[in-house]
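Everything on this sheet refers to the single structure shown next.
Read the figures in this text as sums done on the coordinates, not as results from a lab. Given the structure is predicted, the values throughout are model-derived calculations rather than measurements. Don't worry about glycine lacking a Cβ; one is built from the backbone with ideal geometry, like all the others, and counts go over all protein chains shown.
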Amino acid sequence: MALLALSLNLDMDFFLPNIKGRYHTLRLLHYPPALRTGNHSRLGAHTDFGTVTLLWQDSCGGLQVSGPDGSWVDVKPKSESEVLVVGDILTRWSNNLLKSTVHRAVLPPLKPGQDPLKTPTRRSVAYFCNPDPEATIECIPGLGEPLYEKINAGEYYAEALKGEIGV
């Protein structure tokens, strides 16, 4: 978060009062082998609710991000690297300077020597960095006329989850 703050010309501790680390989540994701059928999606297109997500994926592949024109772009796995996914909260904080990353998990591409009828196992690790629920999220001063109203992070998450699960 310090590097993000510095990239926005803010004090490196700008986000710390609102992100103390108590509400971060680490998920170990396992996608078992699947038949290659007409359904190519393992996790549909979405944005993450929080600030940022750090994602480590194995060499299998299958992560895609939506490009500026709406087309899907493969995120090729690279050894000893991670993917930084911008979440909805950071979009609000940055007043749309940093946009939420629309992404999805699809069946990985077929590689030479693999069974053409089924996919290999895919594993990834996602670290979701979330603000504290009592944090107030408002557009950072100096990034233009605010595009978003000030919100409480906990209330935002509750509303976002209602939309996600259809409540």
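Which order results if Trp56, Trp93 are arranged by neighbouring Cβ count within 10 Å, fewest first? Walk me through the intermediate numbers first.
Details: Trp56 15, Trp93 23.
Ascending number of Cβ neighbours within 10 Å: Trp56, Trp93.
Can you give the extra length, in nm with one decimal, that the chain gains between Ser81 and Val125 once fully stretched, where that is 0.36 nm per residue apart less the Cα-Cα distance?
Length gained, Ser81 through Val125: 14.7 nm.
Lys/Arg Cβ at +1, Asp/Glu Cβ at -1, dipole of region 74-167 taken about the Cα centre: which of Val102, Cys129, Thr91 is farthest positive-ward?
Val102
What net charge is computed for the residues neighbouring Leu4, neighbours being all others with C-beta under 13 Å from the C-beta of Leu4, Lys and Arg scored +1, Asp and Glu -1?
With Lys, Arg at +1 and Asp, Glu at -1, the neighbours total -2.
Take the chain, mark every one of the GluC sites (Glu not before Pro) that falls in a DSSP loop and has at most 12 other Cβ within 10 Å, then report the longest stretch left between them, sites excluded. The partial results should precede the final answer.
Numbers: sites that count: Glu80, Glu134, Glu149.
In short, 1-79.
Tally Lys/Arg at +1 and Asp/Glu at -1 over every other residue whose Cβ is under 11 Å from the Cβ of Ser59; what's the total?
Taking every Cβ under 11 Å from that of Ser59, the sum is +4.
Given 0.36 nm per residue, what is the gain on full extension from Leu43 to Glu149 after removing their alpha carbon distance, in nm?
Values: separation 106, 0.36 × 106 = 38.16 nm, distance 3.03 nm.
Separation in residues times 0.36 nm, less the Cα-Cα distance, equals 35.1 nm.
Report the net charge of residues surrounding Asp88, where surrounding means a beta-carbon distance below 10 angstrom and charges are Lys +1, Arg +1, Asp -1, Glu -1. Can you show the working numbers first?
Working: positive: Arg92, Lys99; negative: Asp48.
Every neighbour counted, the sum reads +1.
Sum up the lysine pairs in region 20-165 that clear both bars: alpha-carbon distance under 22 Å and a spacing of 8 or more or different chains.
On the way: Lys20/Lys150; Lys76/Lys99; Lys76/Lys111; Lys76/Lys118; Lys78/Lys111; Lys99/Lys150; Lys99/Lys162; Lys150/Lys162.
Close lysine pairs under the 22 Å cut-off: 8.
Any idea what angle helix 153-165 forms with the longest principal axis of the chain, computed on alpha-carbon atoms, 0 to 90 degrees, nearest 10?
Tilt of helix 153-165: around 30 degrees.
Measuring from label point to label point, each 7 Å out along Cα→Cβ, what is the Arg36 to Arg22 span in nm?
4.9
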